[in-house]
Amino acid sequence: MKKFIYAGLSSIVLATTLAGCGGTSNGGSNGKVVELKKGDKVEIEFWYGLGGKLGDQMKEKIEAFNKSQDKVVVKGVQQADYDETYKKLQAAVASGKTPALILTTTDTGKIMAKKKILTELTPYIDVKDDYETKDIIETFLKDGQFEDKQFTLPAYGTTQLMYYRKDALKEAGLTEDIFKDWTKFEAAAKKLTKKSGNKVERYGWSPMWGADNLMDMAFSNGGKVIDESGKKVMINSKEWVEAWSIIDRGINKDKTMKINSGGQGWEYWYKTIDEVMQGKSAGYIGSSGDQGDLDFKILAAAEQPGFNGKKGAPVASSQQLAIPSKAEAKQKAAAFEFIKFFEKAENTADWSMNTGYIAVRSSAKDDAKFKAYAKKHPQILKPIEQAEHASSLFIDPTGGKIQDAIKKAADKMEIEGKSAKEVLDEAQKEAQAALDNSAK
């Protein structure tokens, strides 16, 4: 199981180290897109930091692409993870010999675009009659944009969903209608909780440890991290406090919710899932990428709630395909051919069915195989539907200091038991100072 809900500060810091290694960011020689001609045979390297099931799926897609045409041969170079990919890319950019294609994260992609490490893809999109962006999920398309230009294109996406035990809802006399509004859900969590004296036998819900769920809730309530001017941090606004207070009350006052924290790696994540599967919790908030590991005879999935009758707006983020600017012109053209293939509706649908991650095109829902799969596995539709009205990933202008302040606030509330208002007030002061310093 792999999670990349929010890409992490390590990639931001690492990508920033590439600042002095850029090249031109045009589409080819002198800004012109070079197209492959009959008889061309171009071999390119594609670097991707995927392992396990995702790595196997990528190998299959590369093999299928190579068999589908005779102009391009993609040589997949598997990395241990995203950090290793970028450490090696740093050396490659410095030497002037890079791969033609990489798999990157949303935040790192934007930073590399700013530093002119990536090829601008807008010219390729404009000249290709067989490539359309209109049905790419808007949030994912925007993930790849910098200064109104397209520098990366989405490979697949993820968002966090509500996974719940069907038997727990039935026993409590509840329906999926409880997931339409966080206020209604808070009341439902009390009904889903089972206690014997002071002992909790089953928690009504398990939010996932960390700031991600809490930020999703704030965004769904109309909250913003920074105001329109870009100068004021808004994380202690009414919208944020109201949203976080639901989890605060659930964990610290009503004891209807439980957080699993700490441990090695993803230990807390697996423990949360295990407790739901064992009936110790009625449900949890987790990645769309969890779907390949869950038993949907027991569980079902729902979109995250909204507030005040509006749909939720949790973050949906995506991994992006990018072409380094120092690749040769024909290699760039070859790399774009693979991007086109990977993003075809039938291919992004197949990726979603086999991994649980989100197809990047809305038209994937019309693919015959996907439709048949969705009839038997309706949970596969939930992340796509949620992504269509999702919030974009917050890109921290301070290099991670605002995110750090939010993360510390989440821990103080979820683990130390401090109130939502107290921790957000403290976080706002810290984040505001960081923003002010970054502007100097």
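The values are calculated or read from the model by the stated rules, or taken from the named source; none is laboratory data. Everything quoted here is computed from the prediction, not taken from an experiment. Virtual Cβ from ideal backbone geometry, glycine too; neighbours counted across all protein chains shown. Accessible surface areas use protein heavy atoms only, side chains included; no ligands, DNA or RNA. Shrake-Rupley method; radii C 1.70, N 1.55, O 1.52, S 1.80 Å.
A few comments on the model shown:
- Rolling a 1.4 Å probe across the protein heavy atoms gives the chain an accessible surface of 43 Å² per residue.
- Share of pairwise Cα-Cα distances greater than 17 Å in region 228-285 is 57 percent (whole percent).
- The phi torsions of region 33-44, fed into the Karplus equation with coefficients 6.51, -1.76 and 1.60 and a -60° offset, translate into couplings of 7, 8, 9, 6, 10, 4, x, 5, 9, 10, 9, 10 Hz, rounded to whole numbers, with Gly and Pro shown as x.
- Fully extended contour minus Cα-Cα distance, from ASP40 to ASP227, at 0.36 nm per residue: 62.2 nm
- Considering only TRP205, TRP351, TRP266, the mean-square fluctuation computed in a Gaussian network model of the chain, springs between alpha carbons under 10 angstrom, is largest for TRP266.
- Extension gain, ALA368-GLU346: 0.36 nm per intervening residue step, less the Cα-Cα distance, totals 7.1 nm.
- Antiparallel DSSP beta bridges within region 177-313, percent to nearest 5: 50 percent
- Spread of Cα-to-Cα distances over 5 Å intervals beginning at zero, given as percent, for region 312-440: 2, 9, 13, 12, 12, 12, 12, 11, 10, 6, 2, 0
- Gap separating the Cα centres of region 331-407 and region 37-81, nearest whole Å: 19 Å
- Residue among TYR268, TYR164, TYR357 with the largest mean-square fluctuation in a Gaussian network model of the chain, springs linking Cα atoms under 10 Å: TYR268
- Placing a pseudo-label 7 Å from each Cα along the Cα-to-Cβ vector at ASP135 and TRP266 gives an inter-label distance of 3.1 nm.
- Shown here is the pair-distance distribution of the chain: with all Cα-Cα distances grouped in 20 Å bins from zero up to the longest one, the shares run 25, 55, 19, 1 percent.
- Residue ranges 166-175, 429-438 sort as 429-438, 166-175 when ordered by packing (mean number of other C-beta atoms within 10 Å per residue, highest first).
- Stretched out straight at 0.36 nm per residue, the stretch from LYS376 to GLU176 would grow longer than its current Cα-Cα span by 70.2 nm.
- A straight line joining the Cα centroids of region 113-161 and region 226-283 runs 31 Å.
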